[in-house]
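**Q** This is the structure I want to talk about, given as structure tokens.
The values are calculated or read from the model by the stated rules, or taken from the named source; none is laboratory data. Computed from a predicted structure; not experimentally measured. Here the Cβ positions follow ideal geometry from the backbone for every residue, glycine too, while neighbour counts run over all protein chains shown. Side chains included, ligands, DNA and RNA excluded: accessible areas come from the protein's heavy atoms. Shrake-Rupley method; radii C 1.70, N 1.55, O 1.52, S 1.80 Å.
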Amino acid sequence: MQILELHLKNFGKFTDRHIYFTEHMQVIHGENEYGKSTIYAFIKAMLFGMERGRGRAAAKDAFSRYEPWENPNYYAGAMRFCCGGRTFYLERTFDRYAKKASLVCEDDGEELSVEAGDLEMLLGGITASSFENTAAIGQLTAKPDQGLAAELKNYAANYYETGSGDVNLQGALDWLKDKKRRTEQAQKEHREDCQKKVEKLRIQKRYVEMDEEHLQEKLTETKEELKSAKQKAERVKKAQDAKFETVARQQEERKERGGFRRICLVIGCIVTLFGVGGLIVSWFMESFGLEMIWGVVLILIGMGVATAGLWRKTDLRSVQEESDTKEVSEPVAFRELHWEIARLQEEGKEKSLLKRNLQEQIEEVEEDEETDRKLQEKIQMLDLAGKKLREAAEEMVHRSGERMNREASEILRSITNGRYHHLLIDEHLDMAVLSEGRRIPVERLSRGTMEQIYFSLRMGALNLLYEEEVPVILDDAFVYYDEKRLKSVLKWLSEQPRQVIMFSCQTREKQLVDSLERWKDEAL
């Protein structure tokens, strides 16, 4: 890929500014506040877009920093570049309200889609993070971050497993981690749901048990009531029977004495008649003395004797009527109590059955380990997959370490004129060099040498990770280089097929590039 033209329509301090580039090395030189960093930011924004931050971060993000000085609502630019032998025109609008991007092949007029990933495909899959860790070196940012380490791990595993870098190992690990997290959440929710069901069933069972206890108490009370009623009926019946026996015996006795009651009635009536007759005679004779008294006495005696005979008959009849009433009322009360007992027993059976059903449901929920077991097995499989994937990645990284070390070591040897010929890089990007048989950590070297090592790592990773020859963008990246180091690194860059765009506030880069170009022309 080669950038042919930039058109800063309205970006930062620039308005309708065109900048053209050659296919090899070029230096944009200018003093501070010239706008070099703005152009550098514009290239990254055109290649990868520019998102506005949220909250407080929005005040200091790139979107706000490079917002147009004039007419901020028109925030746009364009880029013309060559890729795969074809020329493309990329246009973007960064405005927050009218954000869009268009990509057209100028050779045949084909319209491509940035949103669908066509631009990413043209760039060989390089992302903004990858770009800033390899091809783009800004001011005081030569040391790449751990994002490059993750990409190298991806490349190492994918290269040896598939023969290419198309598989995203880190993405697979992230997917496994997310899948495990969601599975653990599902397991947690399943367990909580089971616990809620068990608690609900237990509460229902407790209510049923309380109803069952209440029914049992009521059944016991009803049985006791029936028992008491039967005992009372038996006592009443015994008393009645005794009374009947007494009356019957008395009747038998009267029968045996023969007509005693009738005699009492006859005598009573006769005596009463005599008394009445005596009173009548005394009345007509107008003799109210002793005769009248005897008449009254006879009447009273007669009535008393007649009443004695009638009383015995009445007493026997009342006892018989009372017995008949008891015999009718008592069985009705017994039947009602029996019905109530039967109803309570039947309801108790229903409650007992319901309680057993609830207990079975509780046991089923508590013992239903199938879903939980499957989820646990899934979590274990995801753990195992992640572990195996990491082990494979570590193994592949170890096996690919020599390749990366060779690539970066060759670059370091070239730009240090052979002083450091072997660079050692581990999976965490901790580095050391071999010099005269000694292993020297990079932190013990001078800042200039450290910058050369970081540059070698970046360029080695760029050559290793991406097939597309993405331009190298350098924004005051050589402030720690002396003349000798700078000449060596620029010479190495001039020999590479990649396009190199440098921004510098000093003139030495431009002078050295010009001298290298003259040297090439003379050599030809």
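**Q** Mind checking which residues of the range 6-18 are outside any loop (DSSP other than H, G, I, E, B) and open to solvent by less than 20 Å² (accessible area, probe 1.4 Å)?
**A** Leu6, Leu8, Asn10, Phe11, Phe14
Residue-wise test of (1) touching a residue at least 60 places away in the same chain (Cβ under 8 Å); (2) under 53 Å from the mean Cα position of the chain (by Cα); (3) within 18 Å of Glu23 (Cβ to Cβ); (4) open to solvent by less than 30 Å² (accessible area, probe 1.4 Å).
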{"position": "Ile425", "(1), (2), (3), (4)": "no, yes, no, yes"}
{"position": "Ser446", "(1), (2), (3), (4)": "no, yes, no, no"}
{"position": "Tyr466", "(1), (2), (3), (4)": "yes, yes, no, yes"}
{"position": "Thr507", "(1), (2), (3), (4)": "yes, no, no, no"}
{"position": "Leu516", "(1), (2), (3), (4)": "yes, no, yes, yes"}
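**Q** Next up: Given the structure, is Gln496 within 16 Å of Leu412 (Cβ to Cβ) and out of contact with any helix residue (DSSP H, G or I) (no Cβ under 6 Å at 6 or more places or on another chain)?
**A** When the stated conditions are applied, Gln496 passes them.
**Q** Still on this structure, please answer the following. Looking at Arg56 and the list (1) part of a helix (DSSP H, G or I); (2) under 18 Å from Glu509 (Cα atoms); (3) open to solvent by 30 Å² or more (accessible area, probe 1.4 Å), which single condition is not satisfied?
**A** Failing condition for Arg56: (2).
**Q** Follow-up question, since we're still on this one. On the given criteria, is Glu51 open to solvent by 20 Å² or more (accessible area, probe 1.4 Å), part of a strand (DSSP E or B) and out of contact with any Lys or Arg (no Cβ under 7 Å at 6 or more places or on another chain)?
**A** no
**Q** Checking Glu67 against (1) of a type outside the set (S, T, N, Q); (2) open to solvent by 40 Å² or more (accessible area, probe 1.4 Å); (3) closer than 21 Å to Glu468 by Cα, which single condition isn't satisfied?
**A** Evaluating Glu67 over (1) of a type outside the set (S, T, N, Q); (2) open to solvent by 40 Å² or more (accessible area, probe 1.4 Å); (3) closer than 21 Å to Glu468 by Cα leaves (3) as the failure.
**Q** Restricting to the range 9-23, name every residue that is over 15 Å from Phe81 (Cβ atoms) and in contact with an Asp or Glu (Cβ under 9 Å, 6 or more places away or on another chain).
**A** Across the range 9-23, the qualifying residues are Lys9, Asn10, Phe11, Gly12, Lys13, Thr15.
**Q** Sticking with this one: Of everything in the range 468-497 that's within 30 Å of Glu120 (Cβ to Cβ) and small (Gly, Ala, Ser), which residue is surrounded by the fewest Cβ atoms within 10 Å (Cβ to Cβ)?
**A** Applying the filter and picking the extreme gives Ser494.
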